[in-house]
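Read-outs: derived from the displayed coordinates by stated rules, not from any lab. Because the structure is a prediction, the values reported are computed rather than measured. Cβ coordinates were reconstructed from backbone atoms using ideal geometry, including for glycine residues, and neighbour counts include every protein chain displayed.
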Amino acid sequence: MASRYPENILDEILTRINIVEVIQDHIPLKRAGRNFKANCPFHHEKTPSFMVSPDKQIYHCFGCGESGNAFKFLMKYDRLDFPEAVRALAKKAGVVLPEIDAEDKRSGSLNTQLYNLNGLAVEYYSSLLNAKEAKNARQYFVNRGISKDSAFMFKLGYASDSWDGLSLYLRSKGFNLSVIEKAGLVIPRENGGYYDRFRNRVIFPILDNRERVVAFGARVLDNSLPKYINSPETPIYTKGKNLYGLHLSKDSIRENDYAVIVEGYLDFIMPYQHGFNNIVASLGTALTSEQVNLLKRYTHNAVMVFDPDTAGEIATMRSLDVFIESGMSVKIASLPKGYDPDNYVRKEGIEEFRAKIRSAESLFDYKLRMLRSRYGIKDLESKVKIATEMLFSINKVDNAVLRTEYVRQLADRLDFKEEALLSEMRKIKSEKGNSNSSLAVTKVASAGISPTEKLLLKLMLEEEELSRFIRENIEPEHFSSQSAARIISLMFELIDQGRSANVNTLANYLKDDSILEALCESVFLPDISDEEKEKVAQDCITKIKKERTMMKQQELHNKIKLAQSSGDHDKIKLLMQEFHQLIKTK
């Protein structure tokens with residue numbers, strides 16, 4: 001990871017911040033001895049394999065191998081580049097960063113430019129909402145019951161019918177059209193040039209949970225189609241990875257320990273305007289695992305409220321398994337036909353909406369009711385279809401007691417024998433297999449570092465005195481793994497510079513993820529008592545040197561055989577001398 005910031009500044013930031021606090025701002029952690037654990041935010045898993053070490057200030061997932069320090073976590077989780085992660089943690093740590101050169105400051109990273117562009121676009125659209133030509137747009141918001149305060153809070157705006165109003169405004173601020181296109185705000189013409197993507201529509205800015213504008217939704221003011229158009233995917237926006245309104249509702253969600261999930265902008269805005277604040281919108285018909293993981297930073301409980309039509313019910317059904325796999329508890333609130341959260345709150349009032357939330361069905365009851373409605377239960381074939389779909393969902397539940405109870409209830413509701421359903425579920429579990437463990441083996445093996453080399457790395461990271469002892473008794477070339485040799489070389493380099501060769505600092509220099517994974521994994525190897533550390537280190541050094549010598553001998557043996565087959569006597573003589581010399585120094 002290259003940085004324009006001095007190494008001493010990076011070290012100071014990492015010294016001042018606590019990685020546990022940084023990660024806990026994003027996902028819930030549970031103490032596990034000296035460390036903390038959680039379900040990994042970077043892949044799907046039921047059993048927590050994501051570990052965080054407060055002592056070493058690093059994290060490592062034994063499931064997918066993702067590893068690093070606080071900088072790396074923010075880069076991966078919040079999709080930041082390295083300078084952005086440095087600035088975010090510097091602010092948290094209270095470290096003043098040095099001024100960067102003028103050219104670098106002016107250009108900035110692409111992501112920074114896109115955030116700035118979107119911020120200016122919001123200002124432009126908001127200002128137009130007050131213009132004379134936006135009368136219909138203002139009336140639209142009035143008709144939908146949106147107050148002026150809400151329009152201001154949600155940064156609502158209006159895009160005029162002009163073909164290039166926004167692009168001209170953004171160009172006047174110094175941005176070129178190619179960057180404006182990367183933000184998804186303009187579309188190239190077939191015959192050259194660009195035109196504004198959003199025209200004659202009301203604008204709903206989409207903000208991430210750090211209150212940065214990442215995209216826009218735009219709705220027509222009449223009945224023309226398409227009713228909504230949205231920003232395309234950009235370097236700072238990926239569809240299905242954001243929740244509308246979360247930047248406003250996250251504190252209320254944490255306080256109430258549950259989130260209500262609705263579908264669209266107005267379905268969020270209307271309840272929120274009336275004081276129901278622990279709510280988010282999915283911005284789509286089916287919730288994604290990324291959105292669920294985003295929500296898990298603040299709660300493990302959710303209530304879904306989707307349109308009570310066929311499409312809405314199908315979307316809800318698809319979303320249920322995502323919740324189950326993520327270990328979240330989910331209920332489903334159903335509204336009367338013809339209602340969505342927006343018009344239900346306007347017509348029936350917020351208290352009736354709260355009542356619907358309180359009476360939400362359990363996941364089991366809702367899915368079973370939907371499947372019975374879809375297939376019926378008049379014949380055996382329909383009941384088998386229902387049982388099969390229910391068992392696939394039940395099998396994803398992590399709690400064994402809850403799984404068993406669901407199977408018992410399913411058998412009772414469908415009039416099947418419980419043993420038969422348990423047998424079918426065992427088949428499902430057998431077919432699924434254990435993908436997490438195989439993934440872990442693949443990832444850990446990728447760096448090619450032997451257990452002995454990992455153990456020696458752990459010992460070097462334990463304390464400075466031991467690392468100096470190891471420094472005097474082994475060289476990087478003794479390691480059979482190039483990855484281990486790279487780590488050791490870097491550690492020796494830092495030691496020679498009088499700097500601390502800790503894993504937190506090393507993570508800033510290791511660009512190869514597989515090497516970083518192996519290094520971080522070594523931190524979580526079983527602890528060794530202080531009395532045994534030096535002896536274990538010496539044993540590791542002896543074994544590594546012996547294994548390297550044996551490997552070198554085998555290489556020379558193979559070369560000698562090859563030279564003999566080709567009749568190259570001069571080469572044979574040189575190789576034999578090298579072989580005997582190796583034996584003498586063994």
> Using the scaling law 2.2 N^0.38 Å as the reference, what is the normalised Cα Rg of the stretch 108-151?
Replying inline: 1.51
> Which order, highest average first, do 159-171, 368-380 follow once you tally other Cβ atoms within 10 Å for each residue and take the mean per peptide?
Replying inline: 159-171, 368-380
> What lysines could a cross-link reach from K545, if we take a straight Cα to Cα line under 20 Å and drop same-chain neighbours fewer than 8 places away?
Replying inline: K454, K458, K533, K535, K584, K586
>> Give the separation of the Cα centroids, the stretch 397-429 to the stretch 331-390, in Å.
In response: 22 Å
> What relative contact order, as a whole-number percentage, does the stretch 337-410 give when Cα pairs under 8 Å and 6 or more residues apart are counted?
Replying inline: 18 percent
> For the chain, what relative contact order do you get, as a whole percent, if you take Cα pairs closer than 8 Å and at least 6 residues apart?
Replying inline: 11 percent
> If the chain between L225 and T15 were fully stretched, how many nm would it gain, using 0.36 nm times the residue separation less the Cα-Cα distance?
Replying inline: 70.1 nm
> What FRET efficiency comes out for the pair D25/R199, r = Cβ-Cβ distance, R0 = 41 Å, nearest 0.05?
Replying inline: 0.60
>> Once you place label points 7 Å from the Cα toward the Cβ at K135 and R372, how far apart are they in nm?
In response: 5.6 nm
> Under a point spin-label approximation (7 Å from Cα along Cα-to-Cβ), what is the R79-R171 distance to one decimal in nm?
Replying inline: 2.8 nm
> Could you give the length gained on full extension between E348 and D55, defined as 0.36 nm per residue of separation minus the Cα-Cα distance, in nm?
Replying inline: 100.0 nm
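Divide, for the stretch 1-59, the radius of gyration over alpha carbons by 2.2 N^0.38 Å, where N is the residue count.
After normalising by residue count via 2.2 N^0.38 Å, the value is 1.31.
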>> Restricting to Cα pairs below 8 Å that are 6+ residues apart, what does the relative contact order work out to for the stretch 27-144? Please round to a whole percent.
In response: 10 percent
> When Rg is the radius of gyration of the Cα atoms in the chain and Rh is its Kirkwood radius, what does Rg/Rh come to?
Replying inline: 1.06
> Separation between the M551 and K417 pseudo-spin-labels, each 7 Å from Cα along Cα→Cβ, expressed in nm?
Replying inline: 5.8 nm
> Around I544, with a cut-off of 13 angstrom between Cβ atoms, what is the net charge of the other residues, counting Lys and Arg +1 and Asp and Glu -1?
Replying inline: +1
>> Taking 29 Å as the cut-off for C-alpha to C-alpha distance, list the pairs among K37/K241; K72/K173; K46/K427 that go past it.
In response: K72/K173
> How big is the antiparallel share of DSSP beta bridges in the chain, given as a percent to the nearest 5?
Replying inline: 75 percent
> For N209, what charge total do you get from the other residues with a beta carbon under 13 Å from its beta carbon, if Lys and Arg give +1 and Asp and Glu give -1?
Replying inline: +2
